[in-house]
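Enquirer: Quick one: the structure is below, questions incoming.
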Amino acid sequence: MGAGCLGPRVEVTPMIPDESRQQSQVFGEVAEIYHLYRPGYPDGLFAWILATCEPLVNELIVDIGCGTGKAAGPFLKRGYEVLGLEPDPEMACIARREFDEFGLFSVDEYTFEDWPQIDRKVGLLIAGQSWHWTDPENRFERAASILKPDGWLCVFWNRPDYGTQEFDDAVDLIYAELVPEFENKSLSVRLPGSKAAITADTPTEEINMCGLFEPVEEYQFGWEVEITAHEHIQNLRTQSDHRMLEPGLRNELFIQIEAAINSYGGSYKQTFITHAYAAKLSV
């Protein structure tokens, strides 16, 4: 069991050049921070998935890019068996630590593409905040090969509502000065939230275009949370775009952003929209 399984740890700068790191696999550098500070999902999401996909309790659920288990946990608590796919050993270690007590959870340390497929067919494939990291060239075909004939694929994300905050102008100036390259990104990188589709405008269009699934069912739910300046920075520590920055620059960016938020009261209310897309395999 790795040291990351023992409890919270301070951020450790990797001893390899930034250009040698894969952006999709930098989360393990701050696995405990990710586990403690990344938002979970509203309970209504899992009620919707179960009502829509209707997996049987004896069917296997596979969680693609399970991370520290934020999506797996609610299924385990409802009595489902979950197999997580997580290539980062630190993230996988925390997931095992958190859910070993259920006796229904296991982790294979593989990417979705590299996983040696098991003989057992899968009733439900889920991907929470991770589907955009899979290979767009073959991910739907891969999913179809793993699912049983009437199995379901369900992908979902927490997306921040980028409404205005009092400190926005001050933080804009900090980003413009220290990391002007962030200005050209298609989505804000200031809070956890990801590009949901790669080869189409929306996940629904993307799933429909592959021709392997029945029409997509959609879910959307808004919820609000109070975020302190400290929590904001801890979230940024888990953002892959920020992790790819040179460590000294990243730390200076965080110091200035935290000071700016503190100058406007030290906390704010943030709305997240949880989006989910579920589709049944065509037979």
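Please treat every number below as a calculation from the coordinates, not as lab data. Since the model is a prediction, treat every value here as computed from it, not as a measurement. Every residue, glycine as well, gets a Cβ built from its backbone with ideal geometry; the counts of neighbours run over all protein chains shown.
Enquirer: What translational diffusion coefficient, to the nearest whole µm²/s, does segment 58-133 have by Stokes-Einstein, given a Kirkwood radius computed over alpha-carbon pairs, a temperature of 37 °C and 0.692 mPa s viscosity? Write out the running numbers ahead of the final one.
Expert: Values: Rh = 12.1 Å.
In µm²/s, the coefficient rounds to 271.
Enquirer: Also: Spelling out what I want: for every residue of segment 39-46, take phi, set θ = phi - 60°, compute 6.51 cos²θ - 1.76 cosθ + 1.60 (Karplus), and round to whole Hz; glycine and proline get x.
Expert: Whole-Hz 3J(HN,Hα) from phi for segment 39-46: x, x, 10, x, 4, x, 4, 6.
Enquirer: Which listed residue (107, 132, 147) has the Cα farthest towards the positive end of the charge dipole for segment 106-158, taking +1 on Lys and Arg C-beta and -1 on Asp and Glu C-beta about the Cα centre?
Expert: So the residue furthest toward the plus end is 147.
Enquirer: So what is the calculated 222 nm ellipticity per residue for the chain, using -39500 (n - 2.57) for each DSSP H run with n of 4 or more, over all residues, to the nearest 500 deg cm²/dmol? Walk me through the numbers before you get to the answer.
Expert: Details: 10 runs with 91 residues, N = 283.
When only DSSP H runs of four or more count, the value is -9000 deg cm²/dmol.
Enquirer: Quick check: Cα centre of segment 57-133 to Cα centre of segment 138-171, how many Å?
Expert: Spelled out, the Cα-based centre of one part sits 16 Å from the other.
Enquirer: Could you give me the ³J(HN,Hα) list for segment 211-228, computed from phi with Karplus coefficients 6.51, -1.76, 1.60 and θ = phi - 60°, whole Hz, x at Gly and Pro?
Expert: So the J values, rounded to whole Hz, are x, 9, 10, 6, x, 7, 9, 10, 9, 8, 8, x, 8, 10, 9, 8, 10, 7.
Enquirer: Still on this model: Please report the antiparallel percentage of the DSSP beta bridges confined to the chain, to the nearest 5. If you can, show how the numbers build up before the last one.
Expert: Details: 22 of 40 bridges.
In the chain, approximately 55 percent of DSSP beta bridges are antiparallel ones.
Enquirer: Calculate, in nm to one decimal, what residue 230 and residue 47 gain on full extension: separation in residues at 0.36 nm each, minus their alpha carbon distance.
Expert: On the way: separation 183, 0.36 × 183 = 65.88 nm, distance 3.17 nm.
Stretched out fully, the residue 230 to residue 47 stretch lengthens by 62.7 nm.
Enquirer: Pull out the extension gain between residue 170 and residue 58, defined as 0.36 nm times the separation in residues minus the alpha carbon to alpha carbon distance; nm, one decimal.
Expert: Contour length minus Cα-Cα distance gives 35.0 nm.
Enquirer: Something else: Quote the relative contact order of the chain in percent (integer), defining contacts as alpha-carbon pairs under 8 Å separated by 6+ residues. Numbers along the way, then the final one.
Expert: Details: 490 pairs, mean separation 62.7, N = 283.
Contact order relative to length: 22 percent.
Enquirer: Also, I was wondering about something else. Under 5 Å between amide H atoms, partner at least 5 residues away or on a different chain: which partners does residue 282 have, H built in plane at 1.01 Å?
Expert: HN-HN under 5 Å from residue 282: 213, 214.
Enquirer: Going by C-beta contacts inside 10 Å, put 268, 277 in order with the fewest on the left. It would help to have the intermediate numbers written out before the result.
Expert: Values: 268 17, 277 23.
By the 10 Å Cβ count, ascending, the order reads 268, 277.
Enquirer: Hey, what do the phi angles of segment 235-252 turn into as Karplus ³J(HN,Hα) couplings, whole Hz, using 6.51/-1.76/1.60 and θ = phi - 60°, x for Gly and Pro?
Expert: Here the 3J(HN,Hα) series is 5, 4, 4, 9, 7, 4, 4, 6, 5, 7, 6, 4, x, x, 5, 4, 5, 5 Hz.
Enquirer: Here is a further query. Identify, among 57, 219, 164, the residue whose Cα sits farthest towards the positive end of the charge dipole of the chain, taking +1 on the Cβ of Lys and Arg and -1 on the Cβ of Asp and Glu, with the dipole about the Cα centre.
Expert: 57
Enquirer: Which order results if 119, 172, 201 are arranged by neighbouring Cβ count within 10 Å, fewest first?
Expert: In increasing order of surrounding Cβ atoms, one gets 119, 201, 172.
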